[in-house]
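Read the structure below first, then the notes.
The values are calculated or read from the model by the stated rules, or taken from the named source; none is laboratory data. Please read all numbers here as calculations on a predicted model, not as lab measurements. Cβ sites come from the backbone with ideal geometry, for glycine too, and all protein chains shown count toward neighbours.
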Amino acid sequence: MALVLTEEQSMLRDSARGLISDKAPVSHLRHLRDSKDPTGFSKELWHSFAEMGFAGLLVPEEFGGSGLGYVEAGIIMEEIGRTLMPSPFLATSVVAASALGRGGNAAQKSEYLSRIASGSLLATLAIDEGAKHRPLQTSLQAVRAGNGFKLSGAKALVVDGHVADLLIVAARTAGAAGEREGLTLFLVDPKAKGVAIERTIMVDAHNAARIEFANVEVDADSVLGEVDQAAGLLDGVLDIGRGAVAAEMVGLSDEVFGRTVEYLKSRKQFGKLIGEFQALQHRAAELYIDIEITRAATMKALQALDADVAKAASAVAVAKARAGTTATRAVQEGVQMHGGMGMTDQFDIGFFMKRARVCEELFGDANYHTEQLARSRGY
Amino acid sequence: MTDSKTSDSESADLETFRNETRAWLEANCPPEMRKPATSDADVFWGGRNAKFSSEPQRIWFERMRDKGWTVPDWPKEYGGGGLSAAEHKVLRAEMARIGARPPLSSFGIWMLGPALLKYGNDAQKKEHLPKIAAGEIRWCQGYSEPNAGSDLASLQTRAESDGDDFIINGQKIWTSYANYADWIFCLVRTDPTAKKHDGISFILFDMTSKGVSTKPILLISGYSPFCETFFDNVRVPKANVVGQINRGWDVAKYLLQHERAMISGMGERGVGRPLGQIAADTIGTDGQGKLDDAMLRGQIARFDVDEAALAACAERAVDLAKAGQAHPAFSSAMKYYGTELNKRRHEILMSAGGVDALEWESERSRQGARPRAWLRTKANSIEGGTSEVMLGIVAKRILDLPGA
């Protein structure tokens with residue numbers, strides 16, 4: 001598989017770019033933030049996403065979706081990264097749709113996937129509990145009670161947690177924190193008794209929530225996949241999420257870089273365009289090279305996911321690790337090279353820095369994924 | 001974006017080609033040739049005086065040559081394999097799968113060949129390309145001069161017209177393996193009055209011509225892969241100029257792109273044992289099997305991430321070129337990153353080897369193979385254009401920054 005977009009993929013990119021740059025430039029995020037919008041995203045735009053087949057991009061056609069792959073999901077994420085558009089696409093259409101599609105039984109798929117595709121259901125994965133992404137450290141308890149389970153514990157950084165219609169909750173049904181055995185995924189109604197959701201206003205002005213579960217009762221039908229055996233399912237779903245976030249970071253890095261290079265070509269100091277200074281030229285060139293390498297690694301990871309999710313772990317670890325270091329460098333250089341203007345809220349560059357920081361923590365930072373690669377290589 | 005949508009019959013043909021290639025390689029690549037060369041003496045460079053270091057090396061070379069696979073993507077009429085870009089990619093992947101080493105290493109293949117294919121006339125292609133493909137003539141590159149390094153276009157070696165010939169006088173430096181080469185491709189000044197980029201010609205001549213002499217340069221690695229090369233009234237037919245007289249800079253730049261691509265791929269990417277395991281040999285592991293030096297382990301892991309990412313980028317560069325979407329200066333980006341990464345690799349190897357990696361002359365250390373290789377890599381970011389020159393090219397030609 002060539003590491004370039006096909007004609008169809010290029011057309012998908014163009015239509016996504018057209019919609020997103022027109023309806024959701026960075027000013028869209030700024031407006032949502034400043035107006036303290038209670039939803040945190042535009043429902044009207046989400047409706048357009050559904051109409052264009054993006055909401056159900058990964059959903060099989062039999063459930064009303066587009067039946068496309070992870071490369072295509074990455075294309076949408078990259079465009080989202082360019083304008084920082086807040087969208088349920090990541091949590092609902094990528095992560096939750098993958099969890100349901102890969103782990104769901106026939107009844108669960110038919111109940112939820114078509115509603116995701118139509119844009120009428122928002123869903124999200126509740127996984128992290130501590131300050132850092134450590135999926136195996138999950139300790140939210142699910143104990144058997146009658147025909148079902150009772151869930152107790154807390155989750156942090158649940159993307160879209162306060163607007164979701166369905167929570168996919170990682171819980172421990174057996175074993176101790178740190179063990180692969182004993183993890184189970186549950187489909188939980190956020191309105192169920194005992195669920196307490198606190199929307200957390202984050203640095204990047206994107207949606208997130210802390211959610212507490214106090215003896216929340218769920219029946220046996222709400223188990224997604226096998227009891228105690230969710231680790232394998234989670235590996236795949238999280239890798240899909242990581243690939244998608246890496247693509248968002250590539251779009252974000254590329255956009256920040258483009259804006260920065262334009263600034264180097266227009267800002268004058270000491271009677272010269274600052275882009276004439278070799279100190280800045282070489283840093284810009286290094287950043288360009290970093291972004292191109294990360295773009296290729298991310299494309300490789302998304303293709304590996306399309307080929308076989310179970311065999312994509314190393315490629316995904318490389319992509320997410322690279323995306324983290326590259327985006328961090330891109331936003332730091334972006335602010336630095338914009339000088340004082342880069343520090344102002346009025347200028348958009350700061351928004352990119354804030355979003356990059358959140359993306360870095362989402363589904364594991366560069367250190368986490370570098371560690372994963374070292375382990376997989378046996379040293 | 002134009003050709004990546006292959007039709008079903010094309011992909012079926014490619015699958016057939018893959019299966020046939022895999023079977024042929026299995027049957028024809030000797031087991032000894034399925035691991036990397038351990039020293040430069042173990043690499044086959046071809047040429048009039050070439051000797052095979054082993055029987056498997058000879059067998060492997062001759063079988064590949066007979067299929068045209070020393071230069072798989074060159075046209076068959078010039079001794080190539082006539083493979084499409086997609087087939088060539090399959091062949092490379094299948095060779096990598098079994099760790100097959102290249103049957104022939106050659107500046108003729110990596111640098112001169114592509115330039116001749118683009119700029120050479122019919123006679124030049126017919127004369128030189130088949131001999132490159134068959135490993136009969138070994139080439140060297142006469143580019144740098146004592147006062148023309150990064151600023152290559154200021155070169156002073158002059159070629160003066162004398163009827164149908166040029167008379168060449170001057171000195172080159174850093175001529176790789178000039179003392180073993182049969183022919184040289186050389187940049188000479190044919191118009192001293194023109195602007196510095198405009199008076200240069202690209203010319204070919206035999207190293208046994210009267211007036212050519214070479215002197216090896218001893219490097220910090222203790223080896224002499226480079227020479228000083230002197231020209232004292234060397235007579236060369238004007239017919240040996242590639243492209244137009246005084247337009248040699250175009251050829252030179254095109255060739256440099258290939259040279260940079262070659263150097264960026266020089267690292268031992270993806271072959272041999274992982275760095276982490278090599279380090280474990282000397283440093284050991286803790287109870288969990290982790291390298292017993294957390295900081296070095298982190299350095300190695302970061303290296304592995306960057307190396308895997310660069311490999312993806314190299315693959316993408318080929319795919320972009322095939323799709324007609326490549327930026328011509330992108331090889332400078334790859335050259336910069338590939339050489340800096342290779343230097344990092346060897347710094348890690350030295351650190352992992354500790355005291356053991358400091359031995360310079362002993363059987364145990366294979367005559368200091370590790371420290372000598374480490375020192376050799378320091379040239380990677382200098383030869384073929386320094387890292388700083390590469391960044392300047394990216395800034396100017398790709399980013400279009402002002403005054404660069």
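A few comments on the model shown:
- Test set (1) out of contact with any Ser or Thr (no Cβ under 8 Å at 6 or more places or on another chain); (2) within 14 Å of another protein chain (Cβ to nearest Cβ); (3) polar (S, T, N, Q) - B:Ser365 fails condition number: (2)
- Test: B:Lys51 is under 19 Å from B:Tyr180 (Cβ atoms) and either of a type outside the set (A, V, I, L, M) or surrounded by 14 or more Cβ atoms within 10 Å (Cβ to Cβ) (or both): yes
- Filter result for A:Val316 (in a helix (DSSP H, G or I), over 13 Å from A:Leu252 (Cβ atoms), β-branched (Val, Ile, Thr) and not assigned by TED's automatic domain parsing to the domain that holds A:Ala96): yes
- Some residue of the range A:360-379 being in a helix (DSSP H, G or I), in contact with a Leu (Cβ under 6 Å, 6 or more places away or on another chain), of a type outside the set (D, E, K, R) and at pLDDT 95 or above: no
- Qualifying residues in the range B:229-287 (those that are closer than 30 Å to B:Cys313 by Cβ and among the hydroxyl-bearing types (Ser, Thr, Tyr)) - the one modelled with the lowest pLDDT: B:Ser264
- Residue check, A:Tyr288 more than 9 Å from chain B (Cβ to nearest Cβ), under 29 Å from B:Arg397 (Cβ atoms), among the hydroxyl-bearing types (Ser, Thr, Tyr) and in a helix (DSSP H, G or I): no
- Candidates in the range A:135-156 are the residues that are free of Cβ contacts under 8 Å to residues at least 40 places away in the same chain and either assigned to a helix (DSSP H, G or I) or of a type outside the set (A, V, I, L, M, F, W, C) (or both); of these, the one that is surrounded by the fewest Cβ atoms within 10 Å (Cβ to Cβ) is A:Gly146.
- If you go through the range A:27-59 and pick out every residue that is farther than 18 Å from A:His206 by Cα and surrounded by fewer than 22 Cβ atoms within 10 Å (Cβ to Cβ), you end up with 6.
- The single condition among (1) in contact (Cβ under 8 Å) with a residue 24 or more places away in the chain; (2) surrounded by fewer than 17 Cβ atoms within 10 Å (Cβ to Cβ) that B:Lys322 does not meet is (2).
- Under the condition of being of a type in the set (Lys, Arg) and either without any contact (Cβ under 8 Å) to a residue 40 or more places away in the chain or in the same structural domain as A:His28 (by TED's automatic domain parsing) (or both), the residues counted in the range A:329-366 number 0.
- Annotation: A:Tyr263 fulfils all but one of (1) touching a residue at least 60 places away in the same chain (Cβ under 8 Å); (2) away from every other protein chain (no Cβ under 14 Å); (3) surrounded by fewer than 23 Cβ atoms within 10 Å (Cβ to Cβ); the unmet one is (2).
- Matching residues, the range B:305-329, being of a type outside the set (Gly, Ala, Ser) and more than 8 Å from every other protein chain (Cβ to nearest Cβ): B:Glu307, B:Val318, B:His327, B:Pro328
- In the range A:304-313, residue farthest from the other protein chains (Cβ to nearest Cβ) [restricted to those that are part of a helix (DSSP H, G or I) and among the small types (Gly, Ala, Ser)]: A:Ala310
- 3 or more residues closer than 23 Å to A:Ala307 by Cα and within 14 Å of another protein chain (Cβ to nearest Cβ): qualifying helices (runs of 4 or more DSSP H) within the range A:1-94: A:7-23, A:70-83
- Which listed residue, of A:Thr370, A:Thr326, A:Thr294, is in contact (Cβ under 8 Å) with a residue 60 or more places away in the chain and of a type outside the set (A, V, I, L, M): A:Thr326
- Filter result for A:Arg283 (assigned to a helix (DSSP H, G or I), in contact with a helix residue (DSSP H, G or I) (Cβ under 7 Å, 6 or more places away or on another chain), without any contact (Cβ under 8 Å) to a residue 60 or more places away in the chain and of a type in the set (D, E, K, R)): yes
- Of everything listed in (1) surrounded by 17 or more Cβ atoms within 10 Å (Cβ to Cβ); (2) within 21 Å of the chain's Cα centre (by Cα); (3) of a type outside the set (Ser, Thr, Tyr); (4) part of a strand (DSSP E or B), the single unmet condition for A:Phe213 is (2).
- Checking each residue in the range A:173-196 for being surrounded by 15 or more Cβ atoms within 10 Å (Cβ to Cβ) and within 20 Å of A:Arg102 (Cα to Cα) picks out A:Arg180, A:Gly182, A:Leu183, A:Thr184, A:Leu185, A:Phe186, A:Leu187, A:Val188.
- Some residue of the range A:323-335 being under 30 Å from A:Gly236 (Cβ atoms), within 12 Å of another protein chain (Cβ to nearest Cβ) and more than 16 Å from the chain's Cα centre (by Cα): yes
- Test: B:Gly385 is touching a residue at least 60 places away in the same chain (Cβ under 8 Å), assigned to a loop (DSSP other than H, G, I, E, B), more than 24 Å from A:Arg267 (Cα to Cα) and not charged (D, E, K, R): yes
- Qualifying residue in the range B:239-250 (condition: more than 10 Å from chain A (Cβ to nearest Cβ), buried (at least 17 other Cβ atoms within 10 Å of the Cβ) and farther than 30 Å from B:Asp165 by Cα): no
- Residue within the range B:62-78 that is in contact with a Phe, Trp or Tyr (Cβ under 6 Å, 6 or more places away or on another chain) and at pLDDT 95 or above present: no
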